[in-house]
1. Scan segment 120-138 for residues that are assigned to a helix (DSSP H, G or I) and either touching a strand residue (DSSP E or B) at 6+ places or on another chain (Cβ under 8 Å) or surrounded by fewer than 17 Cβ atoms within 10 Å (Cβ to Cβ) (or both) and jot them down.
2. Any idea which of (1) under 14 Å from the mean Cα position of the chain (by Cα); (2) in a helix (DSSP H, G or I); (3) surrounded by 18 or more Cβ atoms within 10 Å (Cβ to Cβ) is the one residue 79 doesn't satisfy?
3. Could you identify the single residue in 91, 109 that is over 20 Å from residue 6 (Cα atoms), modelled with pLDDT of 95 or more and either in a strand (DSSP E or B) or more than 15 Å from the chain's Cα centre (by Cα) (or both)?
4. Consider residue 117 against the criteria (1) in a helix (DSSP H, G or I); (2) exposed (fewer than 15 other Cβ atoms within 10 Å of the Cβ); (3) over 14 Å from the mean Cα position of the chain (by Cα): it satisfies all of them except one. Which criterion is unmet?
5. How many residues are under 16 Å from residue 135 (Cα atoms) and part of a helix (DSSP H, G or I) when one looks only at segment 10-67?
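The values are calculated or read from the model by the stated rules, or taken from the named source; none is laboratory data. Just so you know, these numbers come straight off a predicted model, no measurement behind them. Glycine gets a Cβ as well: all are built from the backbone with ideal geometry, and neighbour counts include every protein chain shown.
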């Protein structure tokens with residue numbers, strides 16, 4: 001089950017059924033099934049607090065994921081900062097909606113096992129995001 005919640009911010013304008021179908025379809029391309037995935041949309045201050053408390057990092061970020069997956073069943077909590085998504089959309093000259101979709105699928109791709117610590121991993125992640133984004137029905 002995929003759930004969508006907020007903490008400190010308004011719910012973004014998304015069609016949850018469409019996003020859920022897209023997320024499940026993307027997971028299937030990695031031979032994974034979606035178990036319990038929770039998307040939690042937050043503001044920057046909430047994200048900073050999560051980053052400090054759980055990861056020991058003192059900076060803002062667009063997302064933080066907690067992976068509880070078991071084998072091929074994906075489960076996790078994916079926190080997304082709506083404030084940082086908006087900032088990044090301006091920085092990358094894309095719409096906030098497009099940047100939000102990219103971060104939604106980015107979090108799922110992490111649950112699928114993709115990483116983005118090295119330049120090569122970041123390139124592979126971006127290619128995977130781009131592929132997934134072409135399959136989203138708007």
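1. First, the residues of segment 120-138 that are assigned to a helix (DSSP H, G or I): 120-134.
Once the filter is applied, which keeps residues that are assigned to a helix (DSSP H, G or I) and either touching a strand residue (DSSP E or B) at 6+ places or on another chain (Cβ under 8 Å) or surrounded by fewer than 17 Cβ atoms within 10 Å (Cβ to Cβ) (or both), segment 120-138 yields 120, 121, 122, 123, 124, 126, 127, 130, 131, 133, 134.
2. (2)
3. Residue meeting the stated conditions: 91.
4. (1)
5. Total meeting the criteria: 13.
Residues checked against (1) crowded, with 16+ Cβ neighbours inside 10 Å; (2) without any contact (Cβ under 8 Å) to a residue 40 or more places away in the chain:
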{"site": "50", "(1), (2)": "yes, yes"}
{"site": "53", "(1), (2)": "no, yes"}
{"site": "56", "(1), (2)": "no, yes"}
{"site": "59", "(1), (2)": "no, yes"}
{"site": "65", "(1), (2)": "yes, no"}
{"site": "69", "(1), (2)": "yes, no"}
{"site": "74", "(1), (2)": "yes, no"}
{"site": "83", "(1), (2)": "yes, no"}
{"site": "92", "(1), (2)": "no, yes"}
